[in-house]
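S.K.: Take a look at this one; I'll ask things after.
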Amino acid sequence: MIDKLNEQRRVLIKGAISASTLALVATSGLLLPQQLLAHWPTDAFSAEAVEDALLALLGQADIADNTIIQFKVGAPPSYAINGASVPIEIQSDLENIEQLLVLVEKNPFPLVMSLELTPEVKLPFTSMIKIAEDSQVIAVIRAEGKLYKTTRFVEVDIGGCA
Amino acid sequence: MGIPSKDRIRAKLKAGNTLVRILLAHPMHTGRAENESGELIPAEFIQDIRCWRNDREVLTIKCGTATARNPYFSFQLVGGQQGDTIMIRWVDNLGAKGSVETTVK
């Protein structure tokens, strides 16, 4: 009789503990960013190859190089002393640009940034990025459903992806 | 809200278009760097930046860890006039948020 009571007590205590742990996890900040940023493309940003990142974001990795994008990396162009902040400038005469991606081939995670543009936004777009080592830097533009890509090689003196 | 935001934004007319420049104050830790005592600094980086002009969302920038420390962006908006409001809001991977706004000069 006493044994049976004890058993029931244990089950009850166990249940109470797991329920309170669950409640704690749910209310703590741990889950918050994922909920807030459900639209942040985790697959694409954690992809370790350029092709995987492009596939995850655009559903297509095979894009022909095109000279329609003017793309400058580093100052002077194609050279950067400090890989921790390399200026980039993207200019193009394309109209109705919907999306713009910047990728660095040799970075641990190649995708640097992904922009969603409305027709109100006009290039040039400039920013600063981190580059781990000498690498190809790729700009991809999606305009009116078509994809365009431009690649530049950049030499980096001090790697900057720490 | 006690800490004043160090994020900066400038917007001015340039040949009929609005030139917007943004400088956010953020460490952008990738999660791979070590501090002085050899411990890894946890990842902390801005993931999502949105830009509004007069209550209309015009641009979304999604960043990975490879955006440089204290992220800088500049771009142009078609047309615009003096007094337009340009607003930026950002969120990082830990849920921290910031916003900054200016009027076009």
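Just so you know, all these numbers are worked out from the coordinates, no wet-lab data involved. Bear in mind the structure is a predicted one, so any value in this text is a computation, not a measurement. Note: ideal-geometry Cβ built from the backbone for every residue, glycine included; neighbour counts use all protein chains shown.
S.K.: Compute the distribution of all C-alpha to C-alpha distances in segment A:42-158, in bins of 10 Å from 0, and list the percent of pairs in each, rounded to whole numbers.
M.R.: In order of increasing distance, the bins hold 14, 48, 33, 4 percent.
S.K.: How many angstrom separate the Cα center of segment A:121-146 from the Cα center of segment B:41-84?
M.R.: 15 Å
S.K.: Mind counting lysine pairs for me in chain B? Cα separation below 22 Å, and the two need to be 8 or more apart along the chain or on different chains.
M.R.: Lysine pairs meeting both conditions in chain B amount to 6.
S.K.: With each pseudo-label sitting 7 Å past Cα toward Cβ, what's the A:Thr42-B:Glu36 distance in nm, one decimal?
M.R.: Simple spin-label model gives 3.5 nm for this pair.
S.K.: Given DSSP loops and a limit of at most 15 other Cβ atoms within 10 Å, what is the longest stretch of chain B that contains no such GluC sites (Glu not before Pro)?
M.R.: Working: sites that count: B:Glu36, B:Glu39.
It works out to B:40-105.
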